[in-house]
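S.K.: There's a structure below that I have some questions on.
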Amino acid sequence: MTRLPFTADNLLAARRQVLVLASRAGVLPQRAADLKLALHEILTNSVRHGGGGGVLRVWVEEAMLICEVSDRGHVRDMLAGRRPPALDAEGGRGLWLAHQLCDLVQLSSSPAGTIVRLHCRTESARTQSGRDGSGAVESGRAGAGAETDPVDAGRAPTHPMHRAHPTHPAEISGAWPPARPAPHC
């Protein structure tokens, strides 16, 4: 797992780090560009609305590159990003755009903070003989500027908000992440 605290001062470095990790994990270049744009929107939201920054964690699990952004903000509308924003709205496009660009977006929020997870299938998920994309992929060593936590290597972080507030019916039933077809783009 790669862990990178971020503020407005290092957003570019965070996005670059994710591109390196995406390449190592086998994410196709166009999908990595989509992920970079989605991540930019989420990181910018954290800086603007989540206390000026937060922590970005990146890992590979079951042939998915997962980028988790956590901050001190609170999203009251749990459907934020699932509905298109109004044409005359001044904001509200970041989460919606992330939903359009990623294979899966999870949002968990409480007064203690918000976590957004962006999921992007790796190429190994597309080349599996089955459709569930359950082959594991190693992401390799993190690049400069990121911290790698050896204690958490090989497993996703658990956060109390995720267990207390599942955001997807498949998470409630235990089938997480749900099998999804490759995006059309």
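S.K.: Which far-off residues, 5 or more places away or on another chain, put their amide H under 5 Å from the one on Gly73, with H placed in the peptide plane?
M.R.: Amide H neighbours of Gly73, under 5 Å, 5+ apart: Thr114.
S.K.: Provide the per-residue ³J(HN,Hα) series for region 50-60, in order, calculated from phi with Karplus coefficients 6.51, -1.76, 1.60 and θ = phi - 60°, each as a whole number of Hz, with x at glycine and proline positions.
M.R.: My calculation for region 50-60 gives x, x, x, x, x, 10, 9, 10, 9, 7, 10 Hz in order.
S.K.: Taking H as built 1.01 Å from N, whose amide H comes closer than 5 Å to the amide H of Glu61, not counting residues under 5 places away?
M.R.: Correct list: Ile66.
S.K.: Protein chains only, probe 1.4 Å: how do Met78, Met1, Met64 rank by accessible area, largest first?
M.R.: Met78, Met1, Met64
S.K.: Turning to a different aspect of this structure: Under 5 Å between amide H atoms, partner at least 5 residues away or on a different chain: which partners does Phe6 have, H built in plane at 1.01 Å?
M.R.: Amide H neighbours of Phe6: Gly54, Val55, Leu56.
S.K.: Cα gyration tensor of region 1-68, axes a ≥ b ≥ c as square roots of the eigenvalues: rounded (a/c below 1.5), prolate (a/b > b/c) or oblate?
M.R.: prolate
The values are calculated or read from the model by the stated rules, or taken from the named source; none is laboratory data. A quick note: this is a predicted structure, and the numbers were derived from the prediction, not measured. In case anyone asks, the SASA skips ligands and DNA or RNA and just uses the protein heavy atoms, side chains included. Shrake-Rupley method; radii C 1.70, N 1.55, O 1.52, S 1.80 Å.
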